[in-house]
1. Is it the case that ARG280 is within 15 Å of GLY129 (Cβ to Cβ) and not hydrophobic (A, V, I, L, M, F, W, C)?
2. What pairs come out if I take residues in segment 140-158 that are under 27 Å from ALA229 (Cα atoms) and pair them with residues that are away from the ligand (no atom under 16 Å from the Cβ) and at pLDDT 95 or above whose C-beta lies under 6 Å away, six or more apart or interchain?
3. Could you tell me how many of the residues in segment 38-80 are of a type in the set (Gly, Ala, Ser) and either closer than 20 Å to GLY129 by Cα or crowded, with 24+ Cβ neighbours inside 10 Å (or both)?
4. Just name the residue that is farthest from ARG56 (Cα to Cα) out of those in segment 69-126 that are touching a residue at least 60 places away in the same chain (Cβ under 8 Å) and part of a strand (DSSP E or B).
5. I'd like the residue in segment 233-283 that is of a type in the set (Val, Ile, Thr) and in a loop (DSSP other than H, G, I, E, B) and, out of all such residues, is surrounded by the most Cβ atoms within 10 Å (Cβ to Cβ).
6. Scan segment 38-49 and give yes if some residue there is at pLDDT 95 or above, away from the ligand (no atom under 11 Å from the Cβ) and small (Gly, Ala, Ser), otherwise no.
7. Looking only at segment 184-196, decide whether some residue is in contact (Cβ under 8 Å) with a residue 24 or more places away in the chain and part of a helix (DSSP H, G or I).
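The values are calculated or read from the model by the stated rules, or taken from the named source; none is laboratory data. Bear in mind that the values here come from a model prediction, so they are computed numbers and not experimental data. Methodologically, a virtual Cβ is constructed for each residue, glycine included, from the backbone with ideal geometry; neighbour enumeration extends over all protein chains shown.
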Amino acid sequence: MREAIAAAAVGDEQYREDPTVNALQERAAALLGQERALFLPTATMANQIALRLHARPGDVLVAEELSHVLIYEFGGPAVHAGLITVGIRGERGRLTADQLEAVVGRSAYDVDQRATVLSVENTHNSAGGTIWPLDELDAVIAVAHAHGLGVHLDGARLVNAAVAQGVAVAEIGSRCDTVTLCLSKGLGCPLGAILAGPDDLMERAWREKHLFGGAMRQAGIVAAAGLYALDHHVERLADDHARARRLAGAWHAAGVPVDLEQVQTNFVQIDVAPLGLGRREAIDRLGAAGVGLSATIHETVIRAVTHLDIGDDDVERAIELVPRALGAGDRAGA
Ligand SMILES: Cc1ncc(COP(=O)(O)O)c(C=O)c1O
C-alpha cells in the first residue's frame, strides 16, 4: 500500500482532475451498486453530507438508537442538517419494520414534522459488528420508501457484512438510496471514505463536499491506498472474522463473558460486569498485560477488534493473556 501511495498519479481533485481519485470513485460506485461515488476524508463527513441530501431543516431522522450517526457524530444531524432525531431501540443493531411503521406512520397531517430519512448501520458498531439479514433490511426499506423516506446505509464496515454473508457488496448497497463506506477501518487505508448514490444526488453531494471543506487537492495520494485496499484487502476480511470467532470461542471456554452469537464479523465484545470489573479497570489490566482492547458505549463492555495487523500468533497470545488478566479462570465453563 505504501508503494501504491508513492507511485500514485495525481491532479487537482477540486477540479475533478485527479486520475487516481476518479478511478477510485468509479470503482467504488460499481462495488456499492450505485451510479456514482464521491471520495471524502471520513465516513462521518459522508454520513453528514448524506443527511443533507435526504432532508431539510426541521425534518426527522430515524435511526437505531445506538447508531454511530446518533451517538458519535457530535450532534451533526442537528448542526449540519437541522434535523430532529428519533432513535429506535434495536435488537443487535437492527430495528424492525413494525417499529419503523409505528414511528413514521403516526403523522396524521402533511404539516406535521415529517420523517424524511432513515439511516441503517451495517455492520453495527455498538451492537458488536452485527449484520443485517437481507430480508429484514428489505422489510425496513419497504416501510421507509412507502412513507417517502430516503434510506441511507451507514456501511462504514459494509464490506465486512458482505464478506460474512457471502454476497456481493453491491447486493446490499444497491438496496439503499445512499451508502457510506469507510476505507480506513477493516480495509486498512490511512484515511478516506466513500459516499455513493444516484447521479443527481451525487452532483449535489459534490457541492456539499466543498461546503464541508472536504474538497482536497492532490488526494490521489490517499485514493491510491483505497484502490490498493479494494484489490488486496477485501477477501482477507474473512480471516479477520475467523480470528474473531477463534478468540471468542476460546475466551468463552476460559470463562470470559462473551456472547458468541454476537460475534458475526471482526469484533469481540466482553461484558466485564460478571467479573466484578469496570470498563476502565479491565482495559487498564489488559494494557498492563500487553493486550489492547477498547471501550464501547456500554458501561461494562469492552471490545477486541481483529484487523490486518493482527495475525494468528497475536490471537493465540490474547487467548492466553486475556482470561488471566481479567481473572476469568473461576468462571471457566460457565
Ligand atoms: C458505523 C460507523 N459509521 C461512521 C464512522 C465514522 O468513521 P470516520 O472515523 O471515518 O469518520 C464510524 C467510526 O467508527 C462507524 O463505526
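1. no
2. VAL151/ILE141; VAL151/ALA144; VAL151/ASP177
3. Result for segment 38-80: 5.
4. Among them, the one singled out is HIS124.
5. Per the criteria, the residue is THR265.
6. Checking segment 38-49: not a single residue is at pLDDT 95 or above, away from the ligand (no atom under 11 Å from the Cβ) and small (Gly, Ala, Ser).
7. no
For every residue, the table says whether it meets (1) within 16 Å of the ligand (Cβ to nearest atom); (2) closer than 28 Å to ILE302 by Cα; (3) in contact with a strand residue (DSSP E or B) (Cβ under 8 Å, 6 or more places away or on another chain); (4) aromatic (Phe, Trp, Tyr).
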{"residue": "ALA81", "(1), (2), (3), (4)": "yes, no, yes, no"}
{"residue": "GLY93", "(1), (2), (3), (4)": "yes, yes, yes, no"}
{"residue": "TRP132", "(1), (2), (3), (4)": "yes, yes, yes, yes"}
{"residue": "HIS147", "(1), (2), (3), (4)": "no, no, yes, no"}
{"residue": "ASP154", "(1), (2), (3), (4)": "yes, yes, yes, no"}
{"residue": "CYS176", "(1), (2), (3), (4)": "yes, no, yes, no"}
{"residue": "LEU181", "(1), (2), (3), (4)": "yes, yes, yes, no"}
{"residue": "GLY192", "(1), (2), (3), (4)": "yes, yes, yes, no"}
